[in-house]
Structures are given as C-alpha cells and as structure tokens.
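Here is the structure we will look at.
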Amino acid sequence: MQLSSLLQRFNEPETLKMAKLGRELRAKGVDVIDLSLGEPDFDTPAHIKEAAIKAINDNWSHYTPVAGFLDLREAACTKLKRDNNLDYKPEHIITSTGAKQSLANAILALVDDGDEVIIPTPYWVTYSELVKIARGKVVEAKTTLESGFKITPAQLEAAITSKTKLFLFSSPCNPSGAVYSKAELEALAAVFAKHPNIYIISDEIYEYINFVSKHESIAQFGELKDRTVVINGLSKGFAMTGWRLGYTASNTEIAKAMEKIQGQMTSATCSITQKAAVVALTTDLKPSFEMTEEFTRRRARVLELVKDIPGFKTFQPEGAFYIFPDISYYFGKSDGTTTITNSADFSMYLLNTANVSSVMGDAFGEPNCVRFSFANSLPNIEKAWARIKEALAKLK
Ligand code: PMP
C-alpha cells in the first residue's frame, strides 16, 4: 500500500510513544510509574465542571462558530488584559481543540516551502514536526544548561537569514523549565525590531506554572505584538487536558488565515468545553495557583532526590513540571547486559529495569538529556526516584 509522502516527513510524538510503552507494560501486570507524560494529575476545578454541566442542560449542543463563541473570545481578551496587560479584540482570537491545534494552525498559516523557522533547543517535540508538515526548514538554535537553556540575542541574530520566517519558542519551556524574564524578552525583541519580516509564535501554555517570577509575554513589546501569535489554553493551568481548548491571539490577518484552515480541519472545539472555558478564563484562579503550590513542593523534593544520583547535571526548572537533567555521564556504561549509548537507551533501560517511564532528550533536540515529569503524586515520585537510583547504580 502506498501511503502519502507526508507521512515520511514527520515522526509521531516520543512523549505519546513512551506513554504507550508504559501502558503496555502495565497491562502485563508490571507496576510502571509514569514520569513521561505532560499533564497535571489533578481534577478540573469544580466551578468549571459545573459550568460544563449547565451548558449540557442548557442544550449548547450545536455547531459553534469556527473561531469559537463570541463570549469565549471575549473571555480570552479579558484574560489577556488581566494577566498579561495585552489589548486584544474578539476578532484577534481563534479558539481550537488545544494549544497543539493552535500551533498547527499558526504554522500552516505562516510557513511556506523552504521557509526557515528558528527554534531554540530544547523544544517541545511537536514544534519541529509541525514545521516539517508545513514543508518549512527547522533551524535549531542550541542552548545549554550552562546558559539556563535560553537563547541569547547574539545567538538569535546569528541564526537569522533572509529566509527566516518564524521564531518559535515556549516560556515557561517544556522540557527544560526555563522561564524568560522581561529583560531577556526585551533583549530578543530588540533583535526582532531590526528584522520586520520575522513572525513569532510564543507558546505560553505553562503560564501559571511558574516558580520564579511573574509571567511575561514577548507580545508586550511595541510593534512586536502585531507579529506575534500568542498561544495558550486550558490544559496545564486548569488541569483540563482532555477537554481540548486552546486559543491564539494574533493580528486579524493571521487570525482569518487560521480560521480558514481550522474551518476545513475540525470546524471548532466542543461547544460544552467552550462554555466551561468562559468560566475558567474569567473567574477564580485560586485552584490554578493551588496546583502550582503543589508543583512547587514536588519540584523542591525532586531537586533533593536528584542530588543523590551520581553523574546527573540538573537545571533547576523555573516553570512547567519537568526536570531535564544531562545524563550523558551514563553513556558507555553497562549493567552487563544492556549498554547505554544514548538518551533513548537510557530511557528504555529505566523503563525495563526501574519500571519508570521518561522521555529521551533526542525528541526535544537535546540528545544528552532525559525528561522526567513531576506531574505525579509525591509518594509516586519518591518511589520512582528510589527505583531510578537503584537501577542506575548497576551501570558501570
Ligand atoms: N505546548 C506545549 C509546550 C506543551 O507541552 C503542550 C502539551 N504537552 C502543548 C503545547 C499542547 O497542549 P494542548 O493540550 O492544549 O494541545
């Protein structure tokens, strides 16, 4: 059978692949602890669930506008003003089935054959694959643990060519946990000011999960707002991954282009989710901040636990819920049966020996690291890291 050439251009997400392997082992009766997945292990806040139940009872059961209900787009504007001091109107907002679809919409709306897209490494797995789907060229700008996993203005300037169309990044960053400060974003904005043809996708899905500072958006810097597509959604901050709600804020031309694409792909996201999202975006953020407090406790504990592991070089995450240590110390080591030659071997070794799932760094453009989530309960985290320590001690 001849499937389309599109399928040859991109890979399936490693994050989902690892979760699937973990589930398969679990189905065989193995007690696998999942540190691979990126979703809060909390319940959706009660007032949001009640809004969804009300929406069902009020019969919000029909197709919605492609961009989303007007009250939802107004709610997104209220949120963007309240949290980010950004002024948008409903015509600038396109809601979708998740930040992932919003990213796809934005990339397909902006990137043409051969256009260069600068992505600082490490980056979320889906970025590079969506660029490849759009036939763009991924230009990786390497950042390091030593530089706090952040791109510098000089690095950005050096990566820009006449073919650069887009700069794509997340802050807080999945997988590194790096958070750009206002001054750091301003310094990048100064570079973009010299290159008026470059657009920016700013993925802010982890906005509320920030351990160090107030969230800052690159869209706040003058004319850059007009060239930036802000991506956000409910998955992480409101523990609503399964509800599927993402949104973009952009100029109207890009918004219309994304609406056209989405109109042929999914029409819109679920009507019930949209009604619940109005409540999520405009009311009490206390549950979100309580979740972040719990992530703060877990982060502190995980950082203590990894100190005990020989050879790990660990960046202290400033946001999101992952640690992303450099584990290259283990390359070339063996337990007598398995030799670790790269981060994929390392992840598989931990899955098979410690029954803990993680995600290899190659998937994020950083082959020396591995991502471990702390979106799991403290008892599970304790148990997982004890097992990891024991398994790694066997590698000589
Ligand atoms: N961006 C980043 C950086 C993510 O980590 C994720 C989810 N893992 C998404 C976007 C997609 O989120 P959603 O569930 O809203 O599609």
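What follows is calculated from the coordinates using simple rules that are stated; it is not laboratory data. Keep in mind the model is a prediction, meaning the values are calculated, not measured. A quick note on method: Cβ atoms are made from the backbone with ideal geometry, for glycine too, and the neighbour counts reach across all protein chains shown.
Here are a few things to note about the model shown:
- Calculated FRET efficiency for the pair E24/A183, C-beta based, R₀ 41 Å, to 0.05: 0.30
- For the chain, the dipole from Cβ point charges (+1 on Lys and Arg, -1 on Asp and Glu) about the Cα centre works out to 480 debye, to the nearest 20.
- Estimated inter-spin distance, K194 and K396, nm [label 7 Å along Cα→Cβ]: 5.5
- Hydrodynamic radius (Kirkwood) for the stretch 94-160, which is based on Cα pairs only, to one decimal in Å: 12.8
- Extension gain, S147 back to E12 (0.36 nm per residue minus Cα-Cα distance, nm): 45.6 nm
- Listed from fewest to most Cβ neighbours within 10 Å, the set E91, E390, E259 follows the order E390, E91, E259.
- Across the stretch 46-283 the C-alpha pair distances fall into 10 Å bins from zero in the proportions 8, 34, 37, 17, 4, 0 percent.
- Listed from fewest to most Cβ neighbours within 10 Å, the set S343, S162, S202 follows the order S162, S202, S343.
- Exceedance of the 27 Å cut-off in Cα-Cα distance is limited, within the set K81/K236; K307/K333; K225/K313; K28/K132; K150/K275, to K225/K313; K28/K132; K150/K275.
- Least to most buried among S358, S128, S334, S4 (fewest other Cβ within 10 Å first): S4, S334, S128, S358
- Filter on K20/K383; K20/K260; K165/K194; K20/K286 - keep pairs with C-alpha separation over 23 Å: K20/K260; K20/K286
- Taken along its principal axes, the alpha carbon cloud of the stretch 208-309 reaches lengths of 52, 36, 30 Å, longest axis first.
- Its Kirkwood hydrodynamic radius, worked out from the mean inverse distance over all distinct Cα pairs, puts the stretch 1-58 at 15.4 Å.
- Residue of K142, K194, K225 that the Gaussian network model of the chain assigns the largest fluctuation, springs spanning Cα pairs under 10 Å: K194
- The chain - mean residue ellipticity at 222 nm from DSSP helices (-39,500 (n - 2.57) per run, n ≥ 4, rounded to 500): -12000 deg cm²/dmol
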